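*Asks:* For reference, the structure I am asking about is given below.
The values are calculated or read from the model by the stated rules, or taken from the named source; none is laboratory data. Since the structure is predicted, the reported quantities are computational estimates derived from the model, not experimental observations. Note that each Cβ is placed from the backbone with ideal geometry, even for glycine, and that neighbours are counted across all protein chains shown. Surface areas here come from the heavy atoms of the whole protein model, side chains and all, with no ligands, DNA or RNA. Shrake-Rupley method; radii C 1.70, N 1.55, O 1.52, S 1.80 Å.
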Amino acid sequence: MTRPYRSVLYIPAANARAMEKARDLAADAIIFDLEDAVAPSEKPGAREMLARALRDDYGRRARIVRINGLDTEWGEADARAFATGADAVLIPKVSRPADLDAAAALLPAAPLWAMLETASGMLNAGPIAAHPRLEGMVMGTNDLAKELGSRPRPDRLPMMAGLGLCLLAARAHGKIIVDGVYNAFKDQDGLRAECEQGRDMGFDGKTLIHPSQIEIANAAFAPSDAEIELARRQIEAFEAAKAEGQGVAVVDGRIVENLHVETAKATLAKAEAIEAMGAA
């Protein structure tokens, strides 16, 4: 991972002030939304406004444009407008690899991301993640809940099968994957719990609907000081053991093998990427 994706904030592409303010927010990435957040009558104007906004400097933040579906009257024009100029184009409601094929034909150079928000998308997560043009996946848990007819629960039990399938697919094919939104943006304790759940499951970060959620997501998906310190000690102990001809080390009463060292190195790399983001 060349950059962190702890916090991925949705910004309506029809809101010029929000897009301007986003340049100073601590989000790792921004999804400029032309789809759900923009009324049909405003979509052509929002497309033009966003094209102008992306000429501004957003620093190291990843700039992702969510276009309208290619089966709508706006999708093709959106895709052609952002074939260049953004860090990635997010395709909504990807349910099969052919949806990405259609997008790739209109976006020959732009990195593609996929919204996974349908039952078909969950069941086809592996082939979707394997698509050669795909770089990232975003969980659309609100749409998925609607399609499933499920009820909201703090433990997100109805979501677990779909979330797990998409996580497995992303990791099998080396793709970025970020968790769905937490709707109650004033409920900080609930957000923190859901961020920690997503982090422990293996997500790279969380999509957000309000700037007030950024700090909690950034903290939850960043390695803690204790995790960084442990990672360093694991690497040092394993290197010392290897120098003595041993294949394992022991740190804090736990075995440390090569696979643990790989995880430790990934922890340090993520911490370094976050530090570089903050410095920028």
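*Asks:* So how much slack lies between ALA109 and VAL250, counting 0.36 nm per residue of separation and subtracting their Cα-Cα distance, in nm?
*Replies:* So the extension gain works out to 46.0 nm.
*Asks:* Suppose R0 equals 51 Å. What FRET efficiency, 1/(1 + (r/R0)^6) with r the Cβ-Cβ distance, do LYS146 and ALA243 give to the nearest 0.05?
*Replies:* 0.35
*Asks:* With the convex hull built on the Cα atoms of region 223-280, state its orientation-averaged projected area in nm².
*Replies:* Directional mean of the projected Cα hull area for region 223-280 stands at 4.0 nm².
*Asks:* Next up: Roughly speaking, to the nearest percent, how much of region 60-121's 1.4 Å accessible area is carbon and sulfur?
*Replies:* Its accessible area is 49 percent carbon and sulfur atoms.
*Asks:* Can you give the relative contact order of the chain as a percent, counting alpha carbon pairs under 8 Å and 6+ residues apart?
*Replies:* Taking the mean separation of contacting Cα pairs over the length of the chain, I get 17 percent.
*Asks:* How large, in percent, is the carbon and sulfur part of the accessible surface of region 143-280 at a probe radius of 1.4 Å?
*Replies:* The C+S portion of the solvent-accessible surface of region 143-280 is 54 percent.
*Asks:* Also, I was wondering about something else. For VAL256, what residues show an amide H to amide H distance below 5 Å, using hydrogens built from the backbone and excluding near sequence neighbours?
*Replies:* Those qualifying (amide H under 5 Å, at least 5 residues apart or on another chain) are ALA249, VAL250, VAL251.
*Asks:* Distance from the Cα centre of region 204-280 to that of region 1-51, in angstrom?
*Replies:* Between the Cα centres of region 204-280 and region 1-51 lies a distance of 31 Å.
*Asks:* I'd like to know how region 185-237 sits against the 2.2 N^0.38 Å rule of thumb: what's its Cα Rg over that expected value?
*Replies:* For region 185-237, the normalised Cα radius of gyration is 1.33.
*Asks:* Which residues does a label at ARG233 reach in region 244-263, if reach means a backbone N under 11 Å from a point 7 Å past the Cα toward the Cβ?
*Replies:* 251-254
*Asks:* Region 1-131: Rg/Rh from Cα coordinates, Kirkwood Rh?
*Replies:* Taking Rg over the Kirkwood Rh, I get 0.95.
*Asks:* Also, quick follow-up: Calculate, for region 41-178, the solvent-accessible area per residue in square angstrom, rolling a 1.4 angstrom probe over the heavy atoms of the protein chains.
*Replies:* Spelled out: the 1.4 Å probe surface of region 41-178, per residue, equals 46 Å².
*Asks:* What's the whole-number percent of alpha carbon pairs in region 87-207 lying beyond 19 angstrom?
*Replies:* 43 percent
*Asks:* Please give the contour-minus-distance gain from ARG3 to SER212: 0.36 nm per residue of separation, less the Cα-Cα distance, rounded to one decimal in nm.
*Replies:* In short, 73.1 nm is gained.
*Asks:* Taking Rh as the Kirkwood radius computed over C-alpha pairs, what is the Stokes-Einstein D of region 150-280 at 4 °C in a medium of viscosity 1.567 mPa s, expressed in µm² per second?
*Replies:* For these conditions, the coefficient is 77 µm²/s.
*Asks:* Next question. Go from 0 up to the bin containing the longest alpha carbon distance in the chain, width 10 Å each, and give me the % of pairs per bin.
*Replies:* All Cα pairs considered, the percentages come to 6, 27, 34, 21, 8, 3, 0, 0.
*Asks:* Continuing with the same structure: So how strong a dipole does the chain carry about its Cα centre when Lys and Arg Cβ are +1 and Asp and Glu Cβ are -1, to the nearest 20 debye?
*Replies:* Here the chain has a charge dipole of around 280 debye.
*Asks:* At a Förster radius of 41 Å, what calculated FRET efficiency corresponds to the Cβ-Cβ distance of ALA98 and MET201, to the nearest 0.05?
*Replies:* 0.90
*Asks:* Sticking with this structure for a sec: Report, in deg cm²/dmol and to the nearest 500, the calculated mean residue ellipticity at 222 nm for the chain, where each DSSP H run with n ≥ 4 adds -39500 (n - 2.57) and the sum is divided by the residue count.
*Replies:* -13500 deg cm²/dmol
*Asks:* Distance cut-off 27 Å, Cα to Cα: go down the list LYS43/LYS175; LYS21/LYS175; LYS93/LYS265; LYS242/LYS265 and report the pairs above it.
*Replies:* LYS43/LYS175; LYS21/LYS175; LYS93/LYS265
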